[in-house]
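Note sheet for the following structure.
The numbers here are math on the coordinates, done by the rules we state, and not lab data. Everything quoted here is computed from the prediction, not taken from an experiment. Cβ: placed from backbone, ideal geometry, glycine included. Neighbour counts: every protein chain shown.
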Amino acid sequence: MKGVESVENVKSVNGMKGSRAYDVIVVGAGPAGLYSTRLLEKRFNVLVLEEDKEIGKPIQCSGLVSKNLDNFVKVDGDCIENEIKGAIFHSKNSEFRLEKSASIARVIDRNRFDSSLARGLKSNILTGTMVTGIEIGEDGVKVKAEPGGKEFVSRMVLGCDGPNSIVRNHFGVRPAEIIRGLIAITKEKDSSGLVELWFDKELLDDGFFWKIPRGESVEYGMLSKDADFAKLEKFFTPKLKGKSYERRAGMIPIGIQKTYFPRTLLVGDSACQVKPWSGGGVVYGMICAGIASDVVSKAFGSKDFSEDFLKQYEDRWKKEIGRSITMGLMFREFLKDIDNQGIEKIFDKIKKKGIDNLNMDFPFASFQ
Ligand SMILES: Cc1cc2nc3c(=O)[nH]c(=O)nc-3n(C[C@H](O)[C@H](O)[C@H](O)COP(=O)(O)OP(=O)(O)OC[C@H]3O[C@@H](n4cnc5c(N)ncnc54)[C@H](O)[C@@H]3O)c2cc1C
């Protein structure tokens, strides 16, 4: 893949006393890291370090993304598995449907999508390179990586390294909660265009089950702090129980946490820039990558990489998505508190009043 180099092909970079080979080191080549790199490399010398051997693999994501993604990148046709027009919500005893006449979201293949983000980048991307620690010095950052005990230096580092971020951990910050998302994919054709979600408090205290038609396959999933494949199989009997299916799983960080430190910004899942009601984070990561790259440019412009200066990053991303995350956290707490009768009451209200706003990234936009 153009723009992606294996670790063997890159000259080693010495410690902080050596020449500063990079302006910015991006840790993690997921959507947040790759989009940040795309924006930053127009002005800066960027190095990307990615622990996995292949970008976008293993897939740990449903890839259900709103069309808001088009505001940031062009999604190649071969990444799109299906178009989504709406959703059917199920409680134990009832259901309602929210549907538009045109597509409002897409199901994308995250492996292909992440690869497409990497294609065409001119920066060094070292795959198979796991960052093991960082050191913040007075005039630079040292990033340590394996294999080979390598050390890289730069002026700034972006921690785009997902839910278990080593960059975030360096500063002793932890998400309020980390929950689990599980996915089972079966070989059934389904291009129906409607996602289905099931809420049953007797089975799941804090989450839901889902079905996503992926065109050439169907995805059955589960989001909860208590998610496990036995529960998923039981819920989706007979589709899953005793059958072979492709398994995917991942962690989802939830909460609001500090995202700026000396010479360092966190972007994407490492920064908990995730919708607490659904666990989706691709679009929020893109929004915040745009803000991060602008703040990095300003830091270089004023030669100020201090925590005080970089705080503007957090102020700005909170202006864009902070209210939605806070409302989402309240919704999550509310969901934990109510029982199935409470779910039925909400369903009844929605069925009577309807919902116009099907913006899955900002569903609370009309609430004041
Ligand atoms: C089951 C499941 C389903 C989901 N479905 C959706 C969905 O439908 N829509 C949606 O918008 N979001 C969804 N998400 C969330 C979405 O996957 C994340 O929000 C998104 O991937 C975050 O992007 P990112 O770039 O911040 O992090 P990631 O995509 O996690 O990328 C981080 C990268 O950093 C690398 N890395 C980590 N540690 C190191 C290290 N020490 N050194 C070097 N590299 C490192 C990782 O290998 C990875 O490539 C889902 C999540 C799960 C678990």
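Which of 24, 153 has the fewest other C-beta atoms within 10 Å, and how do the rest follow up to the most?
Fewest-to-most ranking of 24, 153: 153, 24.
Quote to one decimal, in nm, the extra length available between residue 331 and residue 349 on full extension: 0.36 nm per residue of separation minus the C-alpha distance between them.
4.9 nm
At a threshold of 8 angstrom on Cα-Cα distance, excluding pairs fewer than six apart, so keeping six or more, what relative contact order does the range 226-332 reach in percent?
26
Just check the range 165-247 against the gyration tensor rule for me: Cα atoms, a ≥ b ≥ c as the square roots of the eigenvalues, rounded for a/c under 1.5, and otherwise prolate or oblate depending on whether a/b exceeds b/c.
prolate
Could you work out, for the range 41-88, what percent of all Cα-Cα pairs fall into each 10 Å distance bin, beginning at 0 Å and stopping at the bin that holds the largest distance?
Per 10 Å bin, starting at zero, the Cα-Cα P(r) for the range 41-88 comes out as 16, 37, 36, 9, 2 percent.
If amide H atoms are built 1.01 Å from N in the plane of the peptide, which residues on other chains or at least 5 residues away come under 5 Å of the amide H of residue 305?
Counting only residues 5 or more places away or on other chains, the set is empty.
Could you give the dipole magnitude of the chain about its Cα centre, charging the beta-carbon of Lys and Arg +1 and that of Asp and Glu -1, in debye to the nearest 20?
Computed charge dipole of the chain: roughly 380 debye.
Just subtract the alpha-carbon distance of residue 189 and residue 258 from 0.36 nm times their residue separation and send over the number in nm, one decimal.
20.5 nm
Just want to confirm a number: the relative contact order over the chain, from Cα pairs under 8 angstrom separated by 6+ residues, in percent.
The value is 19 percent.
Work out the charge dipole of the range 127-234 with +1 on the Cβ of Lys and Arg and -1 on the Cβ of Asp and Glu about the Cα centre, then indicate which of 128, 191, 204 is farthest towards its positive end.
My answer, from the dipole projection, is 128.
Could you tell me the relative contact order of the range 279-368? Use alpha-carbon pairs under 8 Å, at least six residues apart, and round to a whole percent.
Here the relative contact order equals 31 percent.
Quick one: among 217, 94, 154, which has the greatest mean-square fluctuation in a GNM of the chain with alpha-carbon springs under 10 angstrom?
94
Just to be sure I follow: if Rg is taken over the C-alpha atoms of the range 24-154 and Rh is the Kirkwood radius over the same atoms, what is Rg/Rh?
1.11
Need one number: % antiparallel among DSSP beta bridges in the chain, to the nearest 5.
If I count the DSSP bridges inside the chain, around 70 percent turn out antiparallel.
Provide 327, 286, 360, 251 in ascending order of the number of other Cβ atoms located within 10 Å of each residue's Cβ, fewest first.
251, 327, 360, 286
Taking amide H atoms as placed 1.01 Å from N in the peptide plane, list the residues 5 or more away in sequence, or in a different chain, whose amide H sits under 5 Å from that of residue 133.
Hits under the 5 Å cutoff: 144.
What length, rounded to one decimal in nm, is gained on full extension from residue 60 through to residue 99, with 0.36 nm per residue of separation minus their alpha-carbon distance?
This chain segment gains 11.4 nm when fully extended.
HN-Hα J couplings of the range 228-236 from phi, Karplus 6.51/-1.76/1.60, θ = phi - 60°, integer Hz, Gly and Pro as x?
Each residue's phi maps through the Karplus curve to give 8, 5, 5, 5, 4, 4, 5, 5, 9 Hz.
Relative to the longest principal Cα axis of the chain, at what angle does helix 340-353 sit, 0 to 90 degrees, rounded to 10?
90
Where does the chain land on Rg/Rh, using Cα atoms and the Kirkwood Rh?
0.99
List the lysines whose Cα lies under 23 Å from the Cα of residue 303, skipping any in the same chain that are fewer than 8 positions away.
Result set, ordered by chain and number: 17, 42, 142, 258, 311.
Helix-derived [θ] at 222 nm for the chain: sum -39500 (n - 2.57) over DSSP H runs of at least 4, divide by residue count, nearest 500?
So the helix-based figure for the chain works out to -7500 deg cm²/dmol.
Helix 307-317 versus the longest principal axis of the chain: what angle, 0 to 90°, nearest 10, using Cα atoms?
30
Could you go through the range 260-271 in sequence order and give the Karplus-derived ³J(HN,Hα) for each residue, using 6.51 cos²θ - 1.76 cosθ + 1.60 with θ = phi - 60°, rounded to whole Hz, and x for Gly and Pro?
9, 8, x, 6, 9, 10, 9, 9, x, 4, 4, 9
So what's the range 296-368 giving for Cα Rg divided by 2.2 N^0.38 Å, two decimals?
This ratio for the range 296-368 stands at 1.68.
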